[in-house]
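Structure first, then comments.
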Amino acid sequence: MATPMMKQYASLKSQHADEILLFRMGDFYETFYEDAKTVSRVLGLTLTSREKDAESGEAIPLAGFPYHALDGYLTRLVRAGLRVAICEQTEDPSAAKGLVRREVVEVVTAGTLIGSSALPERETAMLCSLVIEGERAGIAFCDLAGGSVTATGVPGPEALEEAGRRLPREMVVPSDLPLDAPPPECSVTRSEPWKFDHDLATELISDQFGLRTLEGTGLASSRAATRALGGLLSYVRDTKRSSMRHLRFDGLYGREEMMLVSRGAADDLRLVRSPPGEEQSALAACIDFSKTPAGSRLLAQWLLAPPMDAMVIIGRHAAVDALVSMAALEELRKTMARAADLQRQSGKLGARKSGPRDLLAIAATARLLPELTDLLAGSPSRRLERLSAMDRLEDLADRIESTVSQSPPLRASDGGAIASGVDESLDELRDVRSGGRSWLSEFEARERERTGLSKLSVGFNRVFGYYIEIPRSQLEEVPADYSRKQTLVGAERFVTPELKEMETRILRADEEILRLEQSIFSSLVDELAESSGRILETGNALAELDLLSGLAALAIERGYVRPEVLDPAPGDGAELHLRAGRHPVLDSLLPRGECIPNDLDLDAGRRILIVTGPNMAGKSTYLRQAALLLVMGQAGSFVPADAMSFSPFDRLFTRIGSSDRITRGQSSFLVEMAEAALVLNSASNRSLAILDELGRGTSTFDGLSLAWAMIEYLHDHPEHRPLTLFATHYHELTSLGERLDAAANVNVAVRETEDGVVFLYRMVDGGCDRSYGIHVASMAGVPEAVRTRAKGVLHDLEAGRHLKAVHLDGSRVDSPDQLALPLFDPAERPAPRLLELLRDADPDSMSPRDALERLYELRSLAMEHEVEPGGYAPEAEEGRRQ
């Protein structure tokens with residue numbers, strides 16, 4: 001028959017079937033059945049068993065760990081993708097009548113982490129929710145640890161892209177919403193559809209944020225966003241089991257307010273994340289000079305969503321400029337380094353997870369604020385002047401310092417968290433306890449003298465309480481009033497009525513002291529939680545000050561310059577100009593002066609740059625450099641260049657690298673075309689498109705044709721005409737750079753020597769017709785025999801000859817099965833000018849004389865490119881190679 005405790009466990013587990021239930025038993029968290037097997041496997045714990053199951057008769061699997069080790073083990077469980085329900089004893093076992101009451105106090109998931117080691121201090125665990133209503137979608141975001149909440153409404157087809165752009169760790173959706181492709185590295189939680197009801201959402205939002213109406217929030221005009229936010233708040237309350245009063249609604253945002261950088265573009269450019277082992281290749285890691293985790297988190301947010309408002313960008317630049325000129329910048333940064341993470345401390349307060357040391361950290365940071373704000377006073381930057389007016393939290397610091405002891409334990413339950421003088425009853429009990437312990441020392445000395453037992457000692461343990469210990473060598477001299485309590489190998493333990501009475505007084509005092517301390521501390525946390533919004537606002541101000549001062553230190557150390565922000569007239573396209581711009585990541589990793597600078601000019605008259613050049617010469621670096629410097633400048637940072645000017649861009653597109661999505665049945669070429677289609681269908685004249693070797697994932701002719709058509713489309717379309725950097729090895733595309741008015745060719749310069757090719761990594765005007773792939777193969781260690789054969793094949797291909805298989809010794813393979821069709825046939829490949837004349841001809845409008853003149857012109861061009869009967873024109877081909 002099942003025990004009452006196991007019945008209690010079964011009842012709680014039935015309510016949390018999808019979670020690992022950590023069941024508190026005394027000083028341990030225990031798991032049973034399948035949970036125990038999972039925990040044992042993930043944490044490497046020994047799987048044991050307890051009494052047999054009442055139904056199956058088999059032993060019940062059991063695995064557990066000490067309660068004080070929860071944080072570390074919780075980290076590993078959440079990182080393994082598990083949801084964890086924490087069940088605590090919610091009544092004092094000594095006061096319980098029968099079974100101790102237990103309740104689940106929190107459910108921990110990937111998106112609901114607060115103050116745990118599972119949440120790295122410089123990362124954000126973003127929780128989001130998604131609702132589709134008709135043709136619109138609503139998305140809400142919440143950083144539980146930092147308290148920030150926001151929402152937006154977007155067209156339905158753009159919902160997943162927008163959700164993924166914020167790098168969420170968990171997405172909550174109605175259970176009836178089809179969701180085939182959630183954002184990468186994001187778990188999906190399905191919730192009951194009624195929790196996204198509009199009326200319920202309105203009620204929840206109003207209650208959470210203390211609103212009487214939603215009119216002033218912008219939510220009244222977006223039903224989908226309101227439903228998404230309501231579903232998110234419902235999920236937070238279900239998992240956290242509290243109101244989370246530290247949460248603050250930052251309002252409804254519009255995508256037009258920022259440069260949109262998709263999840264794919266951010267990953268392609270490694271803005272904030274990089275593959276394992278290559279952490280320093282991320283832009284954020286290379287330019288992060290912040291002294292606090294909050295500053296680092298804010299840098300990531302700025303890089304992922306640079307503002308579109310030119311005045312906001314200029315304001316950030318002006319703040320960095322003022323800090324660069326500040327004589328006390330290093331003093332400010334040293335003070336910032338001592339500040340606690342008030343954003344995270346606010347989250348802990350809201351969740352009632354703060355410990356005594358957390359509160360002292362808040363108070364200590366508050367004491368630093370006057371020094372920081374005084375340094376900012378009178379700044380020429382309006383942004384810094386506003387930051388100097390931050391709330392100094394002096395009243396909260398006074399309250400904490402007057403209540404919490406100066407050397408408190410980690411947890412209030414460990415005792416000693418409350419200072420003397422806070423509570424009269426607590427002080428009296430402490431006097432009893434300290435007096436009792438002094439009495440014990442006196443009692444030991446007195447008993448030694450009375451009994452003559454020189455080795456007599458008084459001790460204590462949690463099982464047997466206080467005792468008198470006498471070694472076996474002196475047992476015959478034990479007084480008659482000693483009562484035996486415990487027998488050891490080398491000694492006996494005794495107790496006297498006098499000792500027993502004092503033990504009772506001391507233990508009662510200890511218990512009452514702990515109860516009072518916990519009550520006082522809990523009341524203090526509740527009181528401070530009401531001010532968590534103030535703490536969060538000050539934390540936000542400190543994060544911004546830390547980031548801005550870090551950007552200033554970055555600019556000073558690496559010689560960055562302030563960009564000029566252009567403000568184009570409505571309808572005008574974007575501009576981007578760089579003089580001696582350097583790739584920011586390479587500039588930080590290479591010795592100073594070794595990163596080769598390059599210029600860039602993109603504007604309405606020069607919208608498309610066709611970038612050609614050898615493999616390994618730096619085409620992709622040039623493309624990425626342009627995108628990274630734009631993101632840095634628009635986010636508010638100075639940049640590595642001699643000069644930079646730009647107008648705000650609304651969107652950044654990238655098509656870089658090659659990847660497939662085999663789980664969705666998508667080849668790398670299909671993914672490539674999908675990304676290209678996004679540019680063709682969504683880009684505006686204020687967008688930047690970075691297209692690297694588009695079309696290489698299919699046959700040469702198909703890829704060239706698609707690349708050609710896409711460049712023409714982006715050039716000629718009245719709306720979808722972004723500034724474009726198009727790197728390619730299709731050298732035929734360089735003719736477009738000559739023919740299209742707003743296109744131009746640039747290439748990476750090389751120097752050919754007797755020993756090979758020297759890459760100069762400098763961009764020059766004009767096209768390039770060679771890729772030097774065989775030279776790069778030599779650099780990679782490809783065998784000489786392969787390279788030699790490749791040179792011969794290349795010569796035949798360029799000459800238009802039929803290919804024949806040969807042995808490594810050069811002898812031909814005579815089998816007709818080894819013959820291959822020619823890759824190119826000059827006889828079937830008209831000159832570009834001939835094609836252009838044919839394409840431009842309009843037979844319906846031409847007069848007979850015009851048609852005759854055009855025919856003569858076409859015949860003349862054909863004679864210039866006349867080929868021999870075998871399909872090979874050696875003179876023309878030799879001239880083309882030269």
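Worth pointing out:
- Each Lys and Arg adds +1 at its Cβ and each Asp and Glu adds -1 at its Cβ; summed about the Cα centre, the stretch 495-562 shows a dipole of about 400 debye.
- On the chain, 50 percent of the accessible area sits on carbon and sulfur atoms, based on a 1.4 Å probe.
- Above-threshold pairs, the threshold being 28 Å between Cα atoms, out of K455/K485; K353/K500; K291/K348; K7/K37; K7/K240; K7/K500: K353/K500; K7/K500
- Candidate lysines for bridging to K791, where Cα separation is under 27 Å - those fewer than 8 sequence places away on the same chain excluded: K619, K804
- Taken about its Cα centre, the chain carries a charge dipole of roughly 1980 debye when the Cβ of each Lys and Arg holds +1 and the Cβ of each Asp and Glu holds -1.
- Model label sites at F460 and A220, defined 7 Å from Cα along the beta-carbon direction, differ in position by 6.4 nm.
- Square roots of 5 times each gyration tensor eigenvalue, C-alpha, the stretch 289-358, largest first, Å: 28, 19, 9
- Per-q log10 I(q)/I(0), the stretch 1-141, q = 0.09 Å⁻¹ (Debye; single scatterer per alpha-carbon; no solvent): -0.34
- Efficiency of FRET from Cβ geometry, D840 and L368, R₀ 60 Å, rounded to 0.05: 0.25
- By the equivalent-ellipsoid construction on the alpha carbon gyration tensor, the stretch 429-500 comes out with semi-axes of 22, 14, 10 Å, ordered largest to smallest.
- Positive-end residue, the chain charge dipole about Cα centroid, Cβ charges, pick of G26, P182, H795: G26
- Residue list for the stretch 445-478, given a label point 7 angstrom along the Cα-to-Cβ vector of V489 and an amide N cut-off under 19 Å: 469-475
- Reach of K334 by Cα under 14 Å, taken over aspartates and glutamates that are not fewer than 8 positions away in the same chain: E371, D546
- Accessible area of the chain divided out per residue, in Å², using a probe of 1.4 angstrom: 48
- Calculated FRET value between L43 and A327, using beta carbons and R₀ = 45 Å, to 0.05: 0.25
- A580/A709 FRET efficiency (R0 35 Å; Cβ-Cβ; nearest 0.05): 0.50
- For the stretch 356-413 versus the stretch 534-604, the inter-centroid distance based on Cα atoms is 31 Å.
- For the stretch 669-729 versus the stretch 474-502, the spacing of their alpha-carbon centroids is 91 Å.
- Cα-based helix-to-principal-axis angle, 619-635 vs the chain, degrees rounded to 10: 50
- Stretchable slack from E424 to E732, in nm (0.36 nm times residue separation minus alpha-carbon distance): 101.9 nm
- Here the Debye sum runs over all C-alpha atoms of the stretch 539-620 as equal scatterers in vacuum, and log10 of I(q)/I(0) at q = 0.11, 0.16, 0.17, 0.25 Å⁻¹ comes out as -0.49, -0.91, -0.97, -1.23.
- Distance between modelled label sites at S434 and A2, nm, 7 Å Cα→Cβ extension: 5.2
- Gyration tensor verdict on the stretch 260-316 (Cα atoms; rounded if a/c is under 1.5, prolate if a/b is larger than b/c, oblate otherwise): oblate
- On Cα atoms only, tilt of 848-864 relative to the major axis of the chain in degrees: 80
- Computed over the Cα atoms of the chain, pair by distinct pair, the Kirkwood hydrodynamic radius stands at 33.2 angstrom.
- Cα long-axis angle, helix 70-79 against the chain (0 to 90 degrees, to the nearest 10): 20
- R484 contributes about 150 Å² of solvent-accessible surface, heavy atoms of the protein only, 1.4 Å probe.
The values are calculated or read from the model by the stated rules, or taken from the named source; none is laboratory data. The structure presented is a predicted model; accordingly, all values stated were derived computationally and were not measured. With ideal geometry, Cβ positions are generated from the backbone for all residues, glycine too; neighbour counts draw on all protein chains shown. Remember, those area values only see protein heavy atoms, side chains included, never the ligands or the DNA or RNA. Shrake-Rupley method; radii C 1.70, N 1.55, O 1.52, S 1.80 Å.
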